[in-house]
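A short worksheet on the structure shown next.
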Amino acid sequence: MTRLASLSLLLLVLLGAIAGPAPAHDGAHGPFVLAKVVTAQLDGRAVDVVLTLTGLDPDHSARVNGLAADDAVSLPLARPVEVPFAQDVTLRTRLRFDGAPPGIFTLTLDFGADGQGGVAVMPVPAPTRAND
(Lines give C-alpha, C1' and ligand atoms only; values in the text may rest on other atoms or scores of the structure.)
Protein backbone atom coordinates (compact mmCIF):
# COMPACT_ATOMS: atom_id res chain seq x y z
CA MET A 1 0.00 0.00 0.00
CA THR A 2 1.43 3.37 -0.94
CA ARG A 3 2.00 6.08 1.63
CA LEU A 4 -0.76 8.22 0.06
CA ALA A 5 -3.23 5.33 0.20
CA SER A 6 -2.27 4.65 3.83
CA LEU A 7 -2.76 8.30 4.79
CA SER A 8 -6.07 8.43 2.89
CA LEU A 9 -7.29 5.32 4.68
CA LEU A 10 -6.26 6.79 8.04
CA LEU A 11 -8.16 10.00 7.26
CA LEU A 12 -11.18 7.95 6.20
CA VAL A 13 -11.17 6.07 9.50
CA LEU A 14 -10.76 9.29 11.49
CA LEU A 15 -13.58 11.01 9.60
CA GLY A 16 -15.81 8.01 10.21
CA ALA A 17 -15.05 8.19 13.92
CA ILE A 18 -15.57 11.96 14.01
CA ALA A 19 -18.87 11.76 12.10
CA GLY A 20 -20.34 9.92 15.06
CA PRO A 21 -23.98 9.13 15.62
CA ALA A 22 -26.58 9.98 13.03
CA PRO A 23 -29.32 12.14 14.61
CA ALA A 24 -32.90 11.18 13.84
CA HIS A 25 -34.23 14.64 12.96
CA ASP A 26 -34.52 18.15 14.34
CA GLY A 27 -35.89 17.94 17.85
CA ALA A 28 -34.78 14.36 18.37
CA HIS A 29 -33.95 13.44 21.96
CA GLY A 30 -30.56 12.08 20.99
CA PRO A 31 -28.78 9.90 18.49
CA PHE A 32 -30.22 6.45 17.96
CA VAL A 33 -27.67 4.95 15.52
CA LEU A 34 -23.89 5.11 15.34
CA ALA A 35 -22.79 4.99 11.68
CA LYS A 36 -19.14 4.20 10.91
CA VAL A 37 -17.58 3.97 7.46
CA VAL A 38 -15.54 0.77 7.32
CA THR A 39 -14.38 1.17 3.72
CA ALA A 40 -15.11 3.45 0.78
CA GLN A 41 -13.27 2.39 -2.35
CA LEU A 42 -13.22 4.12 -5.71
CA ASP A 43 -14.02 2.09 -8.80
CA GLY A 44 -14.03 4.48 -11.74
CA ARG A 45 -17.14 6.64 -11.36
CA ALA A 46 -18.47 4.48 -8.54
CA VAL A 47 -17.74 4.18 -4.83
CA ASP A 48 -18.26 0.94 -2.92
CA VAL A 49 -19.14 1.77 0.69
CA VAL A 50 -19.29 -0.56 3.69
CA LEU A 51 -20.88 0.83 6.85
CA THR A 52 -21.25 -0.56 10.34
CA LEU A 53 -24.43 0.64 12.05
CA THR A 54 -24.94 0.20 15.79
CA GLY A 55 -28.28 0.74 17.53
CA LEU A 56 -28.02 3.11 20.52
CA ASP A 57 -31.64 3.29 21.73
CA PRO A 58 -32.70 0.42 24.03
CA ASP A 59 -36.36 1.22 23.38
CA HIS A 60 -36.24 1.47 19.61
CA SER A 61 -34.83 -0.51 16.67
CA ALA A 62 -33.86 1.77 13.81
CA ARG A 63 -34.80 0.91 10.24
CA VAL A 64 -32.76 2.12 7.28
CA ASN A 65 -35.03 2.48 4.26
CA GLY A 66 -32.50 3.90 1.83
CA LEU A 67 -29.25 5.72 1.21
CA ALA A 68 -28.47 8.81 -0.86
CA ALA A 69 -25.61 11.16 -1.76
CA ASP A 70 -25.68 14.34 -3.84
CA ASP A 71 -25.02 13.72 -7.55
CA ALA A 72 -25.03 9.94 -7.07
CA VAL A 73 -27.34 7.04 -7.75
CA SER A 74 -27.34 4.41 -5.02
CA LEU A 75 -28.25 0.80 -5.55
CA PRO A 76 -31.60 0.39 -3.79
CA LEU A 77 -31.80 -1.73 -0.67
CA ALA A 78 -33.47 -5.07 -1.34
CA ARG A 79 -35.45 -4.49 1.87
CA PRO A 80 -35.22 -2.16 4.87
CA VAL A 81 -32.32 -2.89 7.20
CA GLU A 82 -33.15 -3.28 10.91
CA VAL A 83 -30.59 -1.96 13.41
CA PRO A 84 -31.39 -3.38 16.88
CA PHE A 85 -30.09 -1.91 20.12
CA ALA A 86 -26.43 -2.69 20.93
CA GLN A 87 -25.93 -4.76 17.78
CA ASP A 88 -23.70 -4.09 14.78
CA VAL A 89 -25.20 -4.37 11.33
CA THR A 90 -23.09 -4.23 8.18
CA LEU A 91 -24.56 -2.34 5.24
CA ARG A 92 -22.99 -2.33 1.76
CA THR A 93 -23.88 -0.06 -1.11
CA ARG A 94 -22.48 1.08 -4.44
CA LEU A 95 -22.87 4.73 -5.41
CA ARG A 96 -22.58 5.69 -9.09
CA PHE A 97 -21.66 9.28 -9.97
CA ASP A 98 -22.15 11.02 -13.34
CA GLY A 99 -18.60 12.35 -13.17
CA ALA A 100 -15.64 11.69 -10.95
CA PRO A 101 -16.70 10.98 -7.35
CA PRO A 102 -15.91 13.81 -4.92
CA GLY A 103 -12.99 13.47 -2.53
CA ILE A 104 -15.42 13.76 0.40
CA PHE A 105 -19.21 13.67 0.55
CA THR A 106 -22.11 13.02 2.89
CA LEU A 107 -23.96 9.73 2.67
CA THR A 108 -27.50 10.27 3.95
CA LEU A 109 -29.30 7.39 5.66
CA ASP A 110 -33.10 7.47 5.43
CA PHE A 111 -34.75 6.24 8.63
CA GLY A 112 -38.32 6.78 7.41
CA ALA A 113 -40.53 8.42 10.04
CA ASP A 114 -37.49 8.78 12.32
CA GLY A 115 -35.83 11.17 9.86
CA GLN A 116 -32.41 11.15 8.25
CA GLY A 117 -28.81 11.14 9.36
CA GLY A 118 -25.55 11.63 7.52
CA VAL A 119 -22.06 10.21 7.67
CA ALA A 120 -18.95 11.67 6.02
CA VAL A 121 -17.38 9.47 3.33
CA MET A 122 -13.91 9.97 1.89
CA PRO A 123 -13.27 7.34 -0.78
CA VAL A 124 -9.80 5.96 -1.47
CA PRO A 125 -8.50 4.09 -4.51
CA ALA A 126 -8.98 0.35 -4.39
CA PRO A 127 -5.75 -1.53 -3.61
CA THR A 128 -3.86 -2.59 -6.69
CA ARG A 129 -3.00 -6.23 -7.20
CA ALA A 130 0.56 -7.20 -7.97
CA ASN A 131 1.05 -9.18 -11.17
CA ASP A 132 1.92 -12.78 -10.50
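The values are calculated or read from the model by the stated rules, or taken from the named source; none is laboratory data. Bear in mind that the values here come from a model prediction, so they are computed numbers and not experimental data. FYI the Cβ positions are ideal-geometry reconstructions off the backbone, even for glycines, and counts take in every protein chain you see.
Going by what's in this entry, would residue 113 be described as outside any loop (DSSP other than H, G, I, E, B), modelled with pLDDT of 95 or more and among the small types (Gly, Ala, Ser)? Taking the combined requirement at face value, the residue does not satisfy it. The sole residue among 49, 38 that is surrounded by 16 or more Cβ atoms within 10 Å (Cβ to Cβ) and modelled with pLDDT of 50 or more is 49.
The residue pairs whose first member lies in the stretch 119-131 and is farther than 30 Å from residue 32 by Cα, whose second member is modelled with pLDDT under 80 and of a type in the set (A, V, I, L, M, F, W, C), and whose beta carbons are closer than 8 Å, counting only pairs six or more residues apart or on different chains, are 125/5; 127/1; 127/5.
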